[in-house]
Amino acid sequence: MDRLFFNLIMAAVALMPLQLLAQGESASLQPKTDKHGFYSVVDCPTSLSFIKASTEEQDDGSYNVNIYRGKELSQTFNLEVTSGDLYYLDANFDGSMDILVGPAASRNYSTILLWDDKKGEFIPMEGSVLNGNMLVNPSKKILVSQGSGSYCSEYYTIYKWKGNKLITSETLVEITDSKAYKEYGVKRHYTVVKGDNLDKIATNKKLETNKKSKLPTEWRNILSAFGM
């Protein structure tokens with residue numbers, strides 16, 4: 001009886017898509033975090049044995065992402081991103097492997113395809129596309145981007161998940177040229193803006209400082225993780 005039960009179990013496992021069997025192994029593929037708990041998206045795997053995906057640029061500049069089960073095309077997504085680069089990571093911290101599509105680089109746009117375990121397929125994240133270099137902090141369950149707004153401005157944005165939607169928590173705005181302070185309505189080098197309120201930086205600021213050491217610890221750690 002035990003042998004029969006074992007054979008039945010093995011037969012059932014053999015029929016399951018390899019992708020479903022391996023999705024729970026995402027933690028073992030996670031890059032090593034730095035002393036502040038961050039790793040960079042560009043250090044993530046760009047290919048996996050249990051997820052087969054390819055990209056192709058379209059005439060309008062968008063990219064199609066094709067996902068396969070074995071040799072069969074399973075899903076196709078048309079995405080407004082800067083390139084068809086693929087990075088595999090647990091982006092929403094649910095224990096399953098997701099796909100970031102795009103270059104994850106400054107002044108470039110990317111987005112994320114999330115694995116839905118109940119549906120057994122990928123779904124596009126909700127919310128705006130991501131702009132800039134990307135860091136991930138699994139312990140705090142946040143994503144952070146760094147992007148250039150102009151010749152004199154840098155934006156560091158903390159994102160948190162609300163279901164499948166990526167929400168802007170707050171942004172550190174760095175104005176590197178004091179001559180541009182008036183243009184941006186700020187008085188000092190750094191400004192922390194709560195929520196998604198960058199259109200009116202001056203009226204939404206909660207903290208301004210001209211010294212990195214006076215920033216909240218979390219922001220000092222983020223700047224250090226970006227090598228700033």
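Within the range 156-201, the set of residues being touching a residue at least 24 places away in the same chain (Cβ under 8 Å), assigned to a loop (DSSP other than H, G, I, E, B) and polar (S, T, N, Q) comprises ASN164, THR176.
Which residue, of THR191, THR203, is of a type in the set (S, T, N, Q) and either surrounded by 13 or more Cβ atoms within 10 Å (Cβ to Cβ) or touching an Asp or Glu at 6+ places or on another chain (Cβ under 9 Å) (or both)? Within the list THR191, THR203, the selection yields THR191.
Considering (1) assigned to a helix (DSSP H, G or I); (2) under 30 Å from CYS44 (Cα atoms); (3) not hydrophobic (A, V, I, L, M, F, W, C), the lone condition that GLN146 does not fulfil carries the number (1). Return yes when ASP117 is surrounded by fewer than 20 Cβ atoms within 10 Å (Cβ to Cβ) and in contact with a Leu (Cβ under 9 Å, 6 or more places away or on another chain) and no when it is not. It is true that ASP117 is surrounded by fewer than 20 Cβ atoms within 10 Å (Cβ to Cβ) and in contact with a Leu (Cβ under 9 Å, 6 or more places away or on another chain).
Of all residues in the range 159-188, those that are in contact with a strand residue (DSSP E or B) (Cβ under 8 Å, 6 or more places away or on another chain) and either exposed (fewer than 14 other Cβ atoms within 10 Å of the Cβ) or among the aliphatic types (A, V, I, L, M) (or both) total 10. Regarding ASP196, is this residue of a type in the set (Asp, Glu), surrounded by 15 or more Cβ atoms within 10 Å (Cβ to Cβ) and out of contact with any helix residue (DSSP H, G or I) (no Cβ under 6 Å at 6 or more places or on another chain)? Yes: the conditions hold for ASP196.
In the range 43-77, the residue that is farthest from the chain's Cα centre (by Cα) out of those that are among the polar types (S, T, N, Q) and under 18 Å from ASP116 (Cα atoms) is SER74. Considered as a group, the residues in the range 202-228 that are outside any loop (DSSP other than H, G, I, E, B) and of a type in the set (D, E, K, R) include one that is nearest to LEU143 (Cα to Cα), and that residue is GLU218.
For the range 63-80, the criterion of being buried (at least 17 other Cβ atoms within 10 Å of the Cβ), closer than 30 Å to ARG220 by Cβ and at pLDDT 90 or above is met by no residue. Condition test on SER110, is it part of a strand (DSSP E or B) and surrounded by fewer than 19 Cβ atoms within 10 Å (Cβ to Cβ)? Judged against the criteria, SER110 is not a match.
The values are calculated or read from the model by the stated rules, or taken from the named source; none is laboratory data. None of the values given here were measured: they were computed from a predicted structure. Cβ sites come from the backbone with ideal geometry, for glycine too, and all protein chains shown count toward neighbours.
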